[in-house]
1. Expressed in nm to one decimal, what extension gain is obtained for the pair SER256 and THR235 from 0.36 nm per residue of sequence separation less their Cα-Cα distance?
2. Sort 113-120, 125-132 by packing, meaning the average of other beta carbons within 10 Å per residue, with the highest value first.
3. Taking amide H positions as placed 1.01 Å from N in the peptide plane, with prolines and chain starts having none, which residues 5 or more places from SER115, or on another chain, fall under 5 Å of its amide H?
4. Tally Lys and Arg at +1 and Asp and Glu at -1 over the other residues with C-beta under 15 Å from the C-beta of GLY236: what net charge comes out?
5. Of the peptides 159-167, 41-49, how do they stack up when ordered by the mean number of other Cβ atoms within 10 Å, highest first?
6. Calculate, in nm to one decimal, what THR109 and ASP143 gain on full extension: separation in residues at 0.36 nm each, minus their alpha carbon distance.
7. Ignoring ligands, DNA and RNA, what percent of the 1.4 Å accessible area of segment 106-178 is carbon and sulfur?
8. Share of segment 186-285's accessible area from carbon and sulfur, percent, 1.4 Å?
Amino acid sequence: MLKNKNLILGFMLIMLLIMSTSLIAATGDIPVPADYDGDNRDDKAFFRPSTGLWEIIYSSTGVTHQVTFGQSGDTPVPADYDDDGDADIVIYRDSDGSWRRQEGNWPGTSSPIKSLGSSDFIPVQADYNGDGDADIAVFRESDGIWGIYYSPDYTYEQTYFGASGDTPVPADYDGDDDADIVFFRDSDGSWWRQEGNWPGTSSTIFYFGTSGDTPVPADYDGDGKADIAIFRESTGLWSIRYSSDVTYHQVSLGESGDTPVPADYSGDGKADIAVFTESTGEWSIRYIYYKATTAGNWNATATWKTSTTVDGSYTTDATETPTASNSGGIIIDADVSITAM
(Lines give C-alpha, C1' and ligand atoms only; values in the text may rest on other atoms or scores of the structure.)
Protein backbone atom coordinates (compact mmCIF):
# COMPACT_ATOMS: atom_id res chain seq x y z
CA MET A 1 0.00 0.00 0.00
CA LEU A 2 1.10 3.58 -0.48
CA LYS A 3 2.55 5.56 2.40
CA ASN A 4 1.70 8.87 0.78
CA LYS A 5 -2.03 9.11 0.78
CA ASN A 6 -2.10 12.56 -0.84
CA LEU A 7 -3.95 11.28 -3.88
CA ILE A 8 -6.77 13.08 -5.63
CA LEU A 9 -8.56 10.26 -7.36
CA GLY A 10 -11.00 12.20 -9.60
CA PHE A 11 -11.46 10.63 -13.02
CA MET A 12 -9.77 7.43 -11.83
CA LEU A 13 -10.75 3.91 -11.01
CA ILE A 14 -8.49 2.32 -8.39
CA MET A 15 -8.01 -1.41 -8.71
CA LEU A 16 -5.58 -4.20 -8.00
CA LEU A 17 -3.66 -5.59 -10.94
CA ILE A 18 -2.21 -9.05 -11.01
CA MET A 19 0.53 -8.70 -13.61
CA SER A 20 1.81 -11.88 -15.22
CA THR A 21 4.88 -12.46 -17.35
CA SER A 22 6.45 -15.70 -18.51
CA LEU A 23 9.90 -17.14 -19.01
CA ILE A 24 10.35 -20.35 -20.98
CA ALA A 25 10.39 -22.62 -17.96
CA ALA A 26 10.60 -26.37 -17.55
CA THR A 27 9.72 -28.79 -14.78
CA GLY A 28 12.27 -28.53 -12.01
CA ASP A 29 13.21 -24.90 -12.65
CA ILE A 30 13.92 -22.89 -9.50
CA PRO A 31 12.83 -19.23 -9.33
CA VAL A 32 15.70 -16.95 -8.24
CA PRO A 33 14.48 -13.33 -8.27
CA ALA A 34 17.14 -10.76 -7.36
CA ASP A 35 18.46 -7.41 -8.55
CA TYR A 36 20.97 -8.62 -11.14
CA ASP A 37 21.25 -5.32 -13.02
CA GLY A 38 21.56 -2.98 -10.04
CA ASP A 39 18.51 -0.80 -10.77
CA ASN A 40 16.95 -1.34 -7.31
CA ARG A 41 14.25 -3.59 -8.76
CA ASP A 42 14.34 -7.35 -8.41
CA ASP A 43 14.45 -9.20 -11.72
CA LYS A 44 12.45 -12.29 -12.60
CA ALA A 45 14.82 -15.20 -13.09
CA PHE A 46 15.08 -18.97 -12.85
CA PHE A 47 17.82 -21.59 -12.54
CA ARG A 48 17.55 -24.94 -14.34
CA PRO A 49 19.55 -27.53 -12.35
CA SER A 50 19.47 -30.11 -15.14
CA THR A 51 21.56 -27.91 -17.44
CA GLY A 52 22.89 -25.12 -15.21
CA LEU A 53 20.95 -22.51 -17.21
CA TRP A 54 20.18 -19.15 -15.60
CA GLU A 55 17.58 -17.04 -17.43
CA ILE A 56 17.01 -13.48 -16.25
CA ILE A 57 14.73 -10.68 -17.46
CA TYR A 58 16.52 -7.44 -16.63
CA SER A 59 13.97 -4.97 -15.28
CA SER A 60 16.05 -2.01 -16.47
CA THR A 61 15.85 -2.99 -20.14
CA GLY A 62 13.37 -5.87 -20.49
CA VAL A 63 16.15 -7.88 -22.17
CA THR A 64 16.40 -11.58 -21.37
CA HIS A 65 19.89 -12.68 -20.33
CA GLN A 66 21.04 -16.31 -20.32
CA VAL A 67 24.14 -17.82 -18.77
CA THR A 68 25.11 -21.41 -18.01
CA PHE A 69 26.66 -21.97 -14.60
CA GLY A 70 26.16 -24.97 -12.36
CA GLN A 71 25.06 -28.56 -12.63
CA SER A 72 22.47 -31.02 -11.38
CA GLY A 73 22.35 -31.04 -7.59
CA ASP A 74 23.57 -27.45 -7.20
CA THR A 75 21.56 -24.90 -5.23
CA PRO A 76 21.37 -21.35 -6.62
CA VAL A 77 22.34 -18.73 -3.99
CA PRO A 78 22.33 -15.35 -5.76
CA ALA A 79 23.03 -12.31 -3.57
CA ASP A 80 25.22 -9.22 -3.51
CA TYR A 81 28.37 -10.72 -2.01
CA ASP A 82 30.70 -7.86 -3.01
CA ASP A 83 28.51 -4.81 -2.22
CA ASP A 84 28.51 -3.50 -5.78
CA GLY A 85 24.74 -3.03 -5.87
CA ASP A 86 23.80 -6.05 -7.98
CA ALA A 87 23.25 -9.72 -7.25
CA ASP A 88 26.01 -12.16 -8.16
CA ILE A 89 25.34 -15.50 -9.85
CA VAL A 90 26.53 -18.08 -7.31
CA ILE A 91 25.82 -21.76 -6.66
CA TYR A 92 26.25 -23.94 -3.58
CA ARG A 93 27.42 -27.50 -4.32
CA ASP A 94 26.52 -29.62 -1.32
CA SER A 95 28.51 -32.62 -2.54
CA ASP A 96 31.71 -30.83 -1.53
CA GLY A 97 30.42 -27.76 0.36
CA SER A 98 31.74 -25.36 -2.26
CA TRP A 99 30.36 -21.90 -3.04
CA ARG A 100 31.15 -20.98 -6.63
CA ARG A 101 30.94 -17.52 -8.24
CA GLN A 102 30.27 -17.16 -11.93
CA GLU A 103 32.33 -13.98 -12.29
CA GLY A 104 35.25 -12.75 -10.25
CA ASN A 105 36.90 -14.08 -7.12
CA TRP A 106 35.54 -13.98 -3.62
CA PRO A 107 36.39 -10.59 -2.09
CA GLY A 108 39.81 -10.67 -0.49
CA THR A 109 40.81 -13.93 -2.20
CA SER A 110 42.30 -15.09 -5.51
CA SER A 111 39.70 -17.81 -6.05
CA PRO A 112 36.08 -17.98 -7.29
CA ILE A 113 35.49 -20.92 -4.89
CA LYS A 114 35.00 -20.92 -1.12
CA SER A 115 34.08 -23.94 0.98
CA LEU A 116 31.58 -24.11 3.83
CA GLY A 117 29.12 -26.95 4.38
CA SER A 118 28.49 -30.47 3.17
CA SER A 119 25.61 -32.64 1.98
CA ASP A 120 23.69 -32.30 5.25
CA PHE A 121 23.79 -28.47 5.31
CA ILE A 122 21.56 -25.98 3.49
CA PRO A 123 22.72 -22.50 2.42
CA VAL A 124 21.38 -19.51 4.41
CA GLN A 125 23.32 -16.60 2.91
CA ALA A 126 22.49 -13.14 4.30
CA ASP A 127 24.23 -10.00 5.55
CA TYR A 128 24.73 -11.02 9.18
CA ASN A 129 27.26 -8.31 10.09
CA GLY A 130 25.63 -5.35 8.33
CA ASP A 131 28.54 -4.43 6.06
CA GLY A 132 26.48 -4.53 2.85
CA ASP A 133 27.91 -7.86 1.67
CA ALA A 134 25.96 -11.10 1.84
CA ASP A 135 27.83 -13.60 4.01
CA ILE A 136 28.37 -17.25 3.14
CA ALA A 137 26.40 -19.27 5.70
CA VAL A 138 24.92 -22.74 6.23
CA PHE A 139 22.40 -24.42 8.53
CA ARG A 140 22.22 -28.09 9.56
CA GLU A 141 18.72 -29.10 10.57
CA SER A 142 19.73 -32.27 12.42
CA ASP A 143 21.46 -30.40 15.24
CA GLY A 144 20.63 -26.71 14.63
CA ILE A 145 24.17 -25.63 13.72
CA TRP A 146 24.55 -22.28 11.94
CA GLY A 147 27.98 -21.66 10.38
CA ILE A 148 28.78 -18.18 9.06
CA TYR A 149 31.78 -16.73 7.20
CA TYR A 150 31.62 -13.01 7.91
CA SER A 151 32.76 -10.79 5.05
CA PRO A 152 35.15 -9.27 4.22
CA ASP A 153 37.79 -11.32 6.09
CA TYR A 154 35.84 -14.62 6.39
CA THR A 155 35.93 -14.73 10.15
CA TYR A 156 34.05 -17.91 11.09
CA GLU A 157 31.33 -18.13 13.72
CA GLN A 158 29.25 -21.13 14.72
CA THR A 159 26.14 -21.20 16.85
CA TYR A 160 23.42 -23.71 17.73
CA PHE A 161 19.81 -22.64 17.26
CA GLY A 162 17.00 -24.87 16.03
CA ALA A 163 16.12 -28.55 15.73
CA SER A 164 15.07 -31.16 13.22
CA GLY A 165 12.09 -29.96 11.18
CA ASP A 166 12.83 -26.25 11.66
CA THR A 167 13.14 -23.91 8.67
CA PRO A 168 15.80 -21.18 8.83
CA VAL A 169 14.43 -17.71 7.96
CA PRO A 170 17.26 -15.21 8.51
CA ALA A 171 16.36 -11.58 7.76
CA ASP A 172 16.64 -8.11 9.29
CA TYR A 173 13.55 -8.14 11.51
CA ASP A 174 14.56 -5.20 13.73
CA GLY A 175 15.91 -2.71 11.19
CA ASP A 176 19.52 -2.65 12.42
CA ASP A 177 20.85 -3.54 8.93
CA ASP A 178 22.07 -7.02 9.76
CA ALA A 179 20.27 -10.33 9.38
CA ASP A 180 18.94 -12.00 12.54
CA ILE A 181 19.25 -15.73 13.18
CA VAL A 182 15.63 -16.95 13.15
CA PHE A 183 13.82 -20.18 12.41
CA PHE A 184 10.20 -21.17 11.75
CA ARG A 185 8.92 -24.31 13.49
CA ASP A 186 6.34 -25.92 11.24
CA SER A 187 4.95 -28.21 13.94
CA ASP A 188 3.37 -25.33 15.88
CA GLY A 189 3.74 -22.24 13.65
CA SER A 190 6.26 -20.58 15.95
CA TRP A 191 8.97 -18.11 14.94
CA TRP A 192 12.08 -18.13 17.17
CA ARG A 193 14.69 -15.36 17.41
CA GLN A 194 18.13 -16.13 18.76
CA GLU A 195 18.60 -12.64 20.20
CA GLY A 196 16.09 -9.98 21.19
CA ASN A 197 12.30 -9.94 21.34
CA TRP A 198 9.91 -9.63 18.45
CA PRO A 199 8.97 -5.97 17.80
CA GLY A 200 5.84 -5.12 19.75
CA THR A 201 6.24 -8.07 22.13
CA SER A 202 8.25 -9.10 25.18
CA SER A 203 9.07 -12.55 23.81
CA THR A 204 11.66 -14.18 21.57
CA ILE A 205 8.94 -16.54 20.30
CA PHE A 206 5.98 -15.52 18.14
CA TYR A 207 3.20 -17.79 16.86
CA PHE A 208 2.07 -17.12 13.31
CA GLY A 209 1.02 -19.86 10.93
CA THR A 210 0.20 -23.55 11.07
CA SER A 211 1.76 -26.81 9.95
CA GLY A 212 2.17 -26.86 6.19
CA ASP A 213 2.54 -23.10 5.80
CA THR A 214 5.56 -21.69 3.99
CA PRO A 215 7.34 -18.83 5.78
CA VAL A 216 7.82 -15.83 3.44
CA PRO A 217 9.39 -13.03 5.53
CA ALA A 218 10.12 -9.79 3.66
CA ASP A 219 9.71 -6.04 4.12
CA TYR A 220 6.16 -5.67 2.79
CA ASP A 221 5.46 -2.28 4.41
CA GLY A 222 8.74 -0.54 3.56
CA ASP A 223 9.84 0.30 7.11
CA GLY A 224 13.26 -1.32 6.78
CA LYS A 225 12.27 -4.39 8.80
CA ALA A 226 11.35 -7.85 7.55
CA ASP A 227 7.75 -8.75 8.37
CA ILE A 228 6.65 -12.14 9.64
CA ALA A 229 4.52 -13.71 6.89
CA ILE A 230 3.28 -17.07 5.63
CA PHE A 231 1.97 -18.48 2.36
CA ARG A 232 -0.62 -21.26 2.50
CA GLU A 233 -0.29 -23.15 -0.75
CA SER A 234 -3.53 -25.10 -0.37
CA THR A 235 -5.63 -21.92 -0.54
CA GLY A 236 -3.29 -19.25 -1.91
CA LEU A 237 -3.55 -17.29 1.33
CA TRP A 238 -0.86 -14.78 2.25
CA SER A 239 -0.94 -13.59 5.86
CA ILE A 240 1.42 -10.79 6.90
CA ARG A 241 2.15 -9.04 10.20
CA TYR A 242 3.36 -5.52 9.41
CA SER A 243 6.19 -4.52 11.76
CA SER A 244 5.52 -0.81 11.24
CA ASP A 245 2.19 -0.80 13.09
CA VAL A 246 1.77 -4.43 14.23
CA THR A 247 -1.33 -4.93 12.06
CA TYR A 248 -2.34 -8.05 10.17
CA HIS A 249 -3.09 -8.27 6.47
CA GLN A 250 -4.38 -11.14 4.36
CA VAL A 251 -4.61 -11.46 0.58
CA SER A 252 -5.03 -14.35 -1.83
CA LEU A 253 -2.68 -15.04 -4.71
CA GLY A 254 -1.63 -18.45 -5.99
CA GLU A 255 -2.76 -22.03 -5.77
CA SER A 256 -1.46 -25.50 -5.07
CA GLY A 257 1.82 -26.06 -6.88
CA ASP A 258 2.83 -22.40 -6.99
CA THR A 259 6.05 -21.17 -5.42
CA PRO A 260 5.92 -17.92 -3.43
CA VAL A 261 8.50 -15.40 -4.73
CA PRO A 262 8.04 -12.13 -2.80
CA ALA A 263 10.55 -9.47 -3.87
CA ASP A 264 10.69 -5.77 -4.70
CA TYR A 265 9.88 -5.98 -8.41
CA SER A 266 8.68 -2.37 -8.64
CA GLY A 267 11.54 -0.64 -6.83
CA ASP A 268 9.45 1.14 -4.19
CA GLY A 269 11.31 -0.35 -1.23
CA LYS A 270 8.51 -2.80 -0.42
CA ALA A 271 8.30 -6.50 -1.21
CA ASP A 272 5.55 -7.40 -3.68
CA ILE A 273 3.37 -10.46 -3.19
CA ALA A 274 4.10 -12.83 -6.07
CA VAL A 275 4.04 -16.49 -7.10
CA PHE A 276 5.85 -18.53 -9.73
CA THR A 277 3.93 -21.27 -11.58
CA GLU A 278 6.48 -23.85 -12.67
CA SER A 279 4.24 -25.59 -15.22
CA THR A 280 3.77 -22.41 -17.28
CA GLY A 281 6.76 -20.29 -16.28
CA GLU A 282 4.34 -17.56 -15.25
CA TRP A 283 5.10 -14.97 -12.58
CA SER A 284 2.00 -13.39 -11.04
CA ILE A 285 2.70 -10.17 -9.13
CA ARG A 286 0.23 -8.10 -7.16
CA TYR A 287 0.50 -4.36 -7.87
CA ILE A 288 -1.57 -1.30 -7.11
CA TYR A 289 -3.02 0.03 -10.36
CA TYR A 290 -4.75 3.26 -11.34
CA LYS A 291 -6.80 3.58 -14.50
CA ALA A 292 -8.47 6.60 -16.07
CA THR A 293 -12.26 6.52 -16.38
CA THR A 294 -12.55 9.85 -18.22
CA ALA A 295 -10.08 11.98 -20.13
CA GLY A 296 -7.57 13.85 -18.01
CA ASN A 297 -3.92 14.68 -17.54
CA TRP A 298 -2.00 13.50 -14.53
CA ASN A 299 1.06 15.00 -12.95
CA ALA A 300 3.41 13.03 -10.70
CA THR A 301 5.62 14.76 -8.18
CA ALA A 302 8.07 11.85 -8.03
CA THR A 303 9.45 9.19 -10.33
CA TRP A 304 6.83 6.73 -11.49
CA LYS A 305 6.28 4.34 -14.34
CA THR A 306 3.48 3.77 -16.81
CA SER A 307 2.24 0.81 -18.76
CA THR A 308 -0.01 1.60 -21.72
CA THR A 309 -0.71 -2.04 -22.46
CA VAL A 310 -0.74 -3.36 -18.91
CA ASP A 311 1.75 -6.02 -19.92
CA GLY A 312 4.59 -5.24 -17.60
CA SER A 313 6.57 -3.01 -19.97
CA TYR A 314 7.65 0.23 -18.32
CA THR A 315 8.92 3.62 -19.32
CA THR A 316 10.69 5.62 -16.65
CA ASP A 317 10.00 9.24 -15.66
CA ALA A 318 7.11 9.28 -18.09
CA THR A 319 3.69 10.90 -18.20
CA GLU A 320 0.48 9.65 -19.73
CA THR A 321 -2.69 11.29 -21.00
CA PRO A 322 -5.41 8.80 -20.06
CA THR A 323 -8.72 8.68 -21.90
CA ALA A 324 -12.00 7.04 -20.99
CA SER A 325 -11.29 4.20 -23.41
CA ASN A 326 -7.61 3.89 -22.63
CA SER A 327 -6.77 0.31 -21.65
CA GLY A 328 -3.64 1.48 -19.90
CA GLY A 329 -3.01 3.23 -16.65
CA ILE A 330 -0.49 4.14 -14.05
CA ILE A 331 1.20 1.51 -11.95
CA ILE A 332 2.39 3.24 -8.81
CA ASP A 333 5.65 1.78 -7.58
CA ALA A 334 6.88 4.62 -5.38
CA ASP A 335 5.53 6.91 -2.69
CA VAL A 336 4.20 9.61 -4.96
CA SER A 337 1.55 12.29 -5.05
CA ILE A 338 -0.78 12.22 -8.06
CA THR A 339 -2.86 15.31 -8.76
CA ALA A 340 -5.63 15.69 -11.32
CA MET A 341 -4.98 18.58 -13.72
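1. Residue separation times 0.36 nm, minus the Cα-Cα distance, leaves 6.8 nm.
2. In descending order of packing, they fall as 125-132, 113-120.
3. Here TRP99 satisfy the definition.
4. Result for the local shell: -3.
5. Working: 159-167: 15.0, 41-49: 22.3.
Ranking, from highest mean packing down: 41-49, 159-167.
6. Extra length available between THR109 and ASP143 comes to 9.2 nm.
7. 47 percent
8. 45 percent
The values are calculated or read from the model by the stated rules, or taken from the named source; none is laboratory data. The shown structure was predicted, so the numbers you read here are calculated from the model rather than taken from an experiment. Every residue, glycine among them, receives a Cβ derived from its backbone with ideal geometry; neighbour counts consider all protein chains shown. Each accessible area value is taken on the protein alone, full model and side chains, heavy atoms only, with ligands, DNA and RNA left out. Shrake-Rupley method; radii C 1.70, N 1.55, O 1.52, S 1.80 Å.
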